[in-house]
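The values are calculated or read from the model by the stated rules, or taken from the named source; none is laboratory data. Remember, it's a predicted structure, so these values are computed and weren't measured experimentally. In this analysis, Cβ positions are derived from the backbone assuming ideal geometry, glycine residues included, and neighbour counts consider all displayed protein chains. Side chains are part of the model used for accessible areas, which takes the heavy atoms of the whole protein and leaves out ligands, DNA and RNA. Shrake-Rupley method; radii C 1.70, N 1.55, O 1.52, S 1.80 Å.
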Amino acid sequence: MALLRKINQVLLFLLIVTICGILYKKVHRGTVLRNETDDDSETPEDMEDEIPVVICAAAGRMGAAMAAINSIYSNTDANILFYVVGLRNTLSRIRKWIEHSKLREINFKIVEFNPMVLKGKIRPDSARPELLQPLNFVRFYLPLLIHQHEKVIYLDDDVIVQGDIQELYDTTLALGHAAAFSDDCDLPSSQDIHRLVGLQNTYMGYLDYRKKTIKDLGISPSTCSFNPGVIVANMTEWKHQRITKQLEKWMQKNVEENLYSSSLGGGVATSPMLIVFHGKYSTINPLWHIRHLDIWGLIILELETMDCGLIFTRCPYTAKPWARLQG
């Protein structure tokens, strides 16, 4: 009887531990991203037709996000579902921006990002403090935001779309790839531009190759980088490969070893993605994400060397018209 009692106690303990583990995962997931307008009424047919687009709306860049959303909405007939992500103190402003403009016609959900999920994972860095803003890391947590869709587009807020987003969504991801990005070296004239203005388009510009941990990765410093400001992601593969956990691991390593910093070319959000996705991503048509067109008037040089129309362009924040409208 004593042996039986001990066995029952052990089984009860294991059951309690299992239940606690399940509850922790649910609570942890809920604290990262919370949908302000959860709606489970959509049918599977509706979701198949939707193109989910994730874009962040930071307090000081609200106009940028709205301009990006408007450019997408104005250039497609596709059924877009916008996931507009913000911090708790900006959610009402996001809704006001949308509902008091022509954007009130869009299909959208406002999602709260809890910055506490980043606690202990970001190394303090004064070189470019704007890159340490919590919303810069939303792209790491896409599966916690998108529960119903197999495929999703993530966009930085400093983009203007000049083509049909359906074409970007139709990007084919190779078997086993969790995401697609645009390589920084794809455009014919990009090498000349980078040499001319000293911009980085290789891993050396993002990682500190003096550190043993980086050397041990076996990645050549001359490997062409990619920019995760435009992502087409497969949520099933992302979760299967535990991409979020891998990214968090490298964030933690950076806190401990200072493997990359915003003083290097790419800041703190790009570097872990370069490590985790090295050799394991599909490519986006480079015309969907052209970097540095704004540098010192080189947009004119770049456009003159291209045989087809510009689809995606990025601008420096200080040059954007909406930068003067914040407040």
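Do we have any residue at all in the stretch 74-89 that's part of a helix (DSSP H, G or I) and within 22 Å of residue 143 (Cα to Cα)? Yes, the stretch 74-89 contains a residue that is part of a helix (DSSP H, G or I) and within 22 Å of residue 143 (Cα to Cα).
The combined condition, being assigned to a helix (DSSP H, G or I), touching a strand residue (DSSP E or B) at 6+ places or on another chain (Cβ under 6 Å) and either hydrophobic (A, V, I, L, M, F, W, C) or open to solvent by less than 50 Å² (accessible area, probe 1.4 Å) (or both), is fulfilled by residue 273. Scanning the stretch 204-215 for residues that are under 20 Å from residue 243 (Cα atoms) and at pLDDT 95 or above, which turns out surrounded by the fewest Cβ atoms within 10 Å (Cβ to Cβ)? It comes out as 213.
Scanning the stretch 149-186 for residues that are open to solvent by 20 Å² or more (accessible area, probe 1.4 Å) and closer than 18 Å to residue 241 by Cα turns up 150, 151, 173, 174, 175, 176, 177. Which one is nearest to residue 271 (Cα to Cα), of the residues in the stretch 221-240 that are at pLDDT below 95 and open to solvent by 10 Å² or more (accessible area, probe 1.4 Å)? Taking the candidates together, the pick is 227.
In summary, residue 76 fulfils each of the numbered conditions (1) open to solvent by less than 10 Å² (accessible area, probe 1.4 Å); (2) more than 30 Å from residue 250 (Cα to Cα) with the single exception of condition (1). Could you tell me whether residue 121 is under 20 Å from residue 284 (Cα atoms), open to solvent by less than 60 Å² (accessible area, probe 1.4 Å) and basic (Lys, Arg)? Here the answer is no, as residue 121 does not meet what is asked. For residue 174, the conditions (1) within 28 Å of residue 66 (Cα to Cα); (2) of a type outside the set (Phe, Trp, Tyr); (3) modelled with pLDDT of 95 or more; (4) not in a strand (DSSP E or B) all hold with the exception of (1). Kindly check whether there is at least one residue in the stretch 8-21 that is modelled with pLDDT under 95, open to solvent by less than 70 Å² (accessible area, probe 1.4 Å), farther than 23 Å from residue 161 by Cα and out of contact with any Cys (no Cβ under 7 Å at 6 or more places or on another chain). Scanning the stretch 8-21, I find at least one residue that is modelled with pLDDT under 95, open to solvent by less than 70 Å² (accessible area, probe 1.4 Å), farther than 23 Å from residue 161 by Cα and out of contact with any Cys (no Cβ under 7 Å at 6 or more places or on another chain), so the answer is yes.
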